[in-house]
1. Looking only at region 28-55, filter to residues that are part of a loop (DSSP other than H, G, I, E, B) and either more than 16 Å from Ser113 (Cα to Cα) or among the aromatic types (Phe, Trp, Tyr) (or both); which one of those is least open to solvent (accessible area, probe 1.4 Å)?
2. So, of the residues in region 192-207 that are of a type outside the set (D, E, K, R) and either under 21 Å from Tyr233 (Cβ atoms) or in contact with a Phe, Trp or Tyr (Cβ under 9 Å, 6 or more places away or on another chain) (or both), which turns out to be surrounded by the fewest Cβ atoms within 10 Å (Cβ to Cβ)?
3. Going through region 56-93 one residue at a time, which ones are open to solvent by less than 50 Å² (accessible area, probe 1.4 Å) and aliphatic (A, V, I, L, M)?
4. Quick one: count up the residues across region 2-11 that are assigned to a loop (DSSP other than H, G, I, E, B) and exposed (fewer than 13 other Cβ atoms within 10 Å of the Cβ).
5. Please tell me if Ser155 is of a type outside the set (Asp, Glu), on the phi < 0 side of the Ramachandran plot and either open to solvent by 10 Å² or more (accessible area, probe 1.4 Å) or at pLDDT below 95 (or both).
6. Looking only at residues that are of a type in the set (Phe, Trp, Tyr) and over 21 Å from Gly59 (Cα atoms) in region 1-48, which one is modelled with the lowest pLDDT?
7. Can you tell me which residue among Ala187, Ala165 is in contact with a helix residue (DSSP H, G or I) (Cβ under 8 Å, 6 or more places away or on another chain), open to solvent by 30 Å² or more (accessible area, probe 1.4 Å), outside any loop (DSSP other than H, G, I, E, B) and aliphatic (A, V, I, L, M)?
8. In region 212-259, how many are outside any loop (DSSP other than H, G, I, E, B), in contact (Cβ under 8 Å) with a residue 60 or more places away in the chain and under 22 Å from Val15 (Cα atoms)?
Amino acid sequence: MPDPQLTYYDIADGVTAFSSTRHGGFSQGSYGEFNVNLYCGDQSEAITQNRKALCGVLGIAEDRLIMPHQVHGTGITQIGKTFFLLSEDIRRSVVEGIDALITDVREVCIGVSTADCIPIIIYDPEHHAAGVVHSGWRGTVADIVGHAVQSMAVSYHSRPEVLRAVVGPGISLDHFEVGDEVYDQFAEAGYPMDRIARRDDKWHIDLWACCRLQLEALGVSPDHIQTAGICTYAHSDDFFSARKLTVRSGRILTGIVLH
């Protein structure tokens, strides 16, 4: 069985944080090779094999890999120990329509799927708790990162000033071309457009910068924010890009495991 090739992030001891690449799995065609997303049209047999291989690399049980069915909203679910007492059907319903997960349960991988949108990992070293966020342009405008940090504050007493964060692979300013209506939504949300937008033939938005600004505004230290700097569109041979490969393709999984 091939091992999935992962990009790891150095956040802290006792934590495994990563984004998957396209390499080291069983999927084929535009899903090749490594995809674990259930909702993008890939063959179920390949997904099952890929999930098994990933859990082997992470050293967790297969039912401890938790991924939501995302809808570009701001829904957040806390994964506690009682989650694993639920039936499979109920577990799936709990993470239906959810775009961020938080947990303090050890040996569980929470992850979000992306293919140009921005994945964000948040880690609280004081309380050994974590969150993962799917921040597409709609979620970024709606400040899903802020909702996630607030949820961690309520659930774990997390303090923004000690949080560590990773802004994972996603589409870059150069390739994220948008219409005037999208630009207007960012402007109406209060973003400093001179810092996060550029006009070529059309407007371009820097989602990486938006996410960093959101985290800093919440009180996260700039020194505690890593940006992967990987453009999925420019590097679609290694990372899935819906704009380059169409939505009928695989998804990157960005996740974290607490040990």
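The values are calculated or read from the model by the stated rules, or taken from the named source; none is laboratory data. Just so it is clear, the structure is predicted and the values come from calculations on it, not from any experiment. Cβ sites come from the backbone with ideal geometry, for glycine too, and all protein chains shown count toward neighbours. What goes into the accessible areas is simple: the full protein's heavy atoms, side chains included, and nothing from ligands, DNA or RNA. Shrake-Rupley method; radii C 1.70, N 1.55, O 1.52, S 1.80 Å.
1. Just the residues of region 28-55 that are part of a loop (DSSP other than H, G, I, E, B), to begin with: 28, 32-43.
Subsequent filtering for residues that are either more than 16 Å from Ser113 (Cα to Cα) or among the aromatic types (Phe, Trp, Tyr) (or both) retains 28, 34, 39, 43.
Working: Gln28: 148, Phe34: 2, Tyr39: 86, Gln43: 119 Å².
Taking the candidates together, the pick is Phe34.
2. Quick first cut of region 192-207, residues of a type outside the set (D, E, K, R) only: 192-193, 196-197, 203-205, 207.
Okay, now just the ones that are also either under 21 Å from Tyr233 (Cβ atoms) or in contact with a Phe, Trp or Tyr (Cβ under 9 Å, 6 or more places away or on another chain) (or both), so 193, 196-197, 203-205, 207.
Values: Met193: 15, Ile196: 21, Ala197: 21, Trp203: 19, His204: 19, Ile205: 24, Leu207: 23.
Residue satisfying both the conditions and the ranking: Met193.
3. Those that are open to solvent by less than 50 Å² (accessible area, probe 1.4 Å) and aliphatic (A, V, I, L, M): Leu58, Ile60, Leu65, Ile66, Met67, Ile76, Ile79.
4. Let us first name the residues in region 2-11 that are assigned to a loop (DSSP other than H, G, I, E, B), namely 2-5, 10-11.
Filter once more, so that each one left must be exposed (fewer than 13 other Cβ atoms within 10 Å of the Cβ): 10.
Of the residues in that region, 1 qualify.
5. So Ser155 fits the description; yes.
6. Applying the first criterion (of a type in the set (Phe, Trp, Tyr)) to region 1-48 yields 8-9, 18, 26, 31, 34, 39.
Narrowing the set further to residues that are over 21 Å from Gly59 (Cα atoms) leaves 31, 39.
Working: Tyr31: 97, Tyr39: 94.
Residue satisfying both the conditions and the ranking: Tyr39.
7. Values: Ala165 fails: open to solvent by 30 Å² or more (accessible area, probe 1.4 Å).
After applying the criteria, what remains is Ala187.
8. 12
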